[in-house]
Amino acid sequence: MLVLSNEEIARLLTIEECMAALEPMYRDVAEERVLFSPRVDNIAPNSHPEGYYAFKHMGGTWPREKIQALRINSDVVTHPLVAGKPRRVKQPLAPGGRWVGLVLLFSTETGALLAMFPDGVMQRLRVGATSGLGLRHLARPDAARLALIGAGWQAGAQLAAALAVCKFRDVRVWSPRRESREAFVAEWHAKGIEIRAVQSADACVDGADVIAAATSSMVRVIEPRWLKPGMHLSCIKTQEIDAELINRCDRVLFSNRRQAKHYDNVMKDTPNVKGESARGWWNDGTVRMERFADLADVLAGRAPGRQGDREITLFVNNVGTGLQFAAAGAYVLKKAREQKIGTELPDDWFSEDVHP
């Protein structure tokens, strides 16, 4: 059984490699050769005055690679206001000021636990890679100006994926906190990437060919008044957009319309909980999701991507799946074994000699 760290995952998996690993998985989704284990969040009270406890789990079975993935997170969640808008923020309260998230990979041939690693690096890479695949099929070939809304952990992978797909000449970033956007720019300047922070969202999107939202916001962050012919939009959360925006777009593609939005299993009288997934455009009837294609349809050739230079296109990262971890995890596990990276532990620590 192989244990890998976030640092080792970062060495083993680039954004380009993650995109390549996800693509055949999505084609198998279209062929119904996979199994989803939808996300469930168990939500209960805890002693944090502004938070609650959330245990998340999701999984996916990919027979092509003979692998089953399980992702689990044990979190204390709060909903602070940032620039007057509610955010979903996980508090680092585990010993050492850390978070708790794990991915477990199992063999579908033997049932054995093959690998275990923190979810942090891979989870943002798989979100970025998914957006990158959408961008490849929906952005104009000559897209040159990128507007990035958000400057946090997820924004970095969105930028990396965008740069892997398009040759942007102008990249701007905006977030409500000046220190966040300036730190983000400094990080990317150190990597040799030209990017500039701007003072407002309007300044960020002015003249943009692509607008990418990458925030923890629980309300809309892309404004319909920003839309112009030929533009491509993307989001990493359903709350970053709304029905008005969706209905203004000419072509909408979902990351996955086959798996239900995650289920919040909330203990009665849990304080501080926001019903962020219970009700919204995805289930209130304002958007008929069945009329739109998803990424698997496009990658399998069953639905078209962009069809004209004036189309306004939208890619919606509407739900995360455990299958993304199965695909990226299978790639990483193979590469780690080839390069002898990671720490091996005895298999019998994670199996038993009594019938369960």
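Of all the residues that make up region 339-356, how many are surrounded by fewer than 21 Cβ atoms within 10 Å (Cβ to Cβ) and either in a helix (DSSP H, G or I) or touching a residue at least 60 places away in the same chain (Cβ under 8 Å) (or both)? Residues flagged as surrounded by fewer than 21 Cβ atoms within 10 Å (Cβ to Cβ) and either in a helix (DSSP H, G or I) or touching a residue at least 60 places away in the same chain (Cβ under 8 Å) (or both) within region 339-356 amount to 11.
The condition of being surrounded by 13 or more Cβ atoms within 10 Å (Cβ to Cβ) and part of a loop (DSSP other than H, G, I, E, B) holds for only one of K268, K191, K261, that being K261.
Can you spot a residue in region 70-77 that is farther than 20 Å from L295 by Cα and in contact with a Ser or Thr (Cβ under 7 Å, 6 or more places away or on another chain)?
First, the residues of region 70-77 that are farther than 20 Å from L295 by Cα: 70-77.
Filter again for in contact with a Ser or Thr (Cβ under 7 Å, 6 or more places away or on another chain), leaving none.
No; the residues of region 70-77 include none that is farther than 20 Å from L295 by Cα and in contact with a Ser or Thr (Cβ under 7 Å, 6 or more places away or on another chain).
Restricting to region 273-303, and then to whatever is closer than 21 Å to L22 by Cα and in contact with a helix residue (DSSP H, G or I) (Cβ under 7 Å, 6 or more places away or on another chain), can you tell me which residue is most open to solvent (accessible area, probe 1.4 Å)? Steps first, please.
Step one: filter region 273-303 for residues closer than 21 Å to L22 by Cα, giving 292-303.
In the following step, the residues that additionally are in contact with a helix residue (DSSP H, G or I) (Cβ under 7 Å, 6 or more places away or on another chain) were identified as 295-300, 302-303.
On the way: L295: 0, A296: 1, D297: 14, V298: 15, L299: 17, A300: 39, R302: 136, A303: 21 Å².
Top of the filtered list is R302.
Restricting attention to region 136-149, the residues being out of contact with any Leu (no Cβ under 7 Å at 6 or more places or on another chain) and within 13 Å of A213 (Cα to Cα) number 3. Is one or more of the residues making up region 321-338 open to solvent by 10 Å² or more (accessible area, probe 1.4 Å), at negative phi and more than 25 Å from the chain's Cα centre (by Cα)? Within region 321-338, one or more residues are open to solvent by 10 Å² or more (accessible area, probe 1.4 Å), at negative phi and more than 25 Å from the chain's Cα centre (by Cα).
What do you reckon, is A83 touching a Cys at 6+ places or on another chain (Cβ under 7 Å) and either closer than 30 Å to L227 by Cα or open to solvent by 50 Å² or more (accessible area, probe 1.4 Å) (or both)? For A83, the condition - touching a Cys at 6+ places or on another chain (Cβ under 7 Å) and either closer than 30 Å to L227 by Cα or open to solvent by 50 Å² or more (accessible area, probe 1.4 Å) (or both) - is not met.
Listed by first and then second residue, the pairs with beta-carbon distance under 6 Å, at least 6 apart or on different chains, first residue in region 38-50 and over 28 Å from A326 (Cα atoms), second open to solvent by 40 Å² or more (accessible area, probe 1.4 Å), are A44/Y53; A44/M267; N46/Y53; E50/N272. Based on what the data block shows, is R220 in a loop (DSSP other than H, G, I, E, B), closer than 30 Å to A21 by Cβ and either of a type in the set (G, A, S) or open to solvent by 30 Å² or more (accessible area, probe 1.4 Å) (or both)? It is false that R220 is in a loop (DSSP other than H, G, I, E, B), closer than 30 Å to A21 by Cβ and either of a type in the set (G, A, S) or open to solvent by 30 Å² or more (accessible area, probe 1.4 Å) (or both). Checking G308, G280 one by one, the residue that is in a loop (DSSP other than H, G, I, E, B) and either farther than 24 Å from V221 by Cβ or free of Cβ contacts under 8 Å to residues at least 12 places away in the same chain (or both) is G308 and no other. In region 166-183, the count of residues that are open to solvent by 60 Å² or more (accessible area, probe 1.4 Å), among the acidic types (D, E) and over 30 Å from A69 (Cα atoms) is one or more. Here the condition is being buried (at least 17 other Cβ atoms within 10 Å of the Cβ), under 20 Å from the mean Cα position of the chain (by Cα) and over 29 Å from H57 (Cβ atoms); of L233, L253, it holds for L233 alone.
Restricting attention to region 137-157, the residues that are in contact (Cβ under 8 Å) with a residue 60 or more places away in the chain, open to solvent by 10 Å² or more (accessible area, probe 1.4 Å) and part of a helix (DSSP H, G or I) add up to 2.
The values are calculated or read from the model by the stated rules, or taken from the named source; none is laboratory data. The structure presented is a predicted model; accordingly, all values stated were derived computationally and were not measured. Please note: Cβ atoms are built from the backbone with ideal geometry, for glycine as well, and neighbour counts cover all protein chains shown. These accessible areas exclude ligands, DNA and RNA; they are computed on the full protein's heavy atoms, side chains included. Shrake-Rupley method; radii C 1.70, N 1.55, O 1.52, S 1.80 Å.
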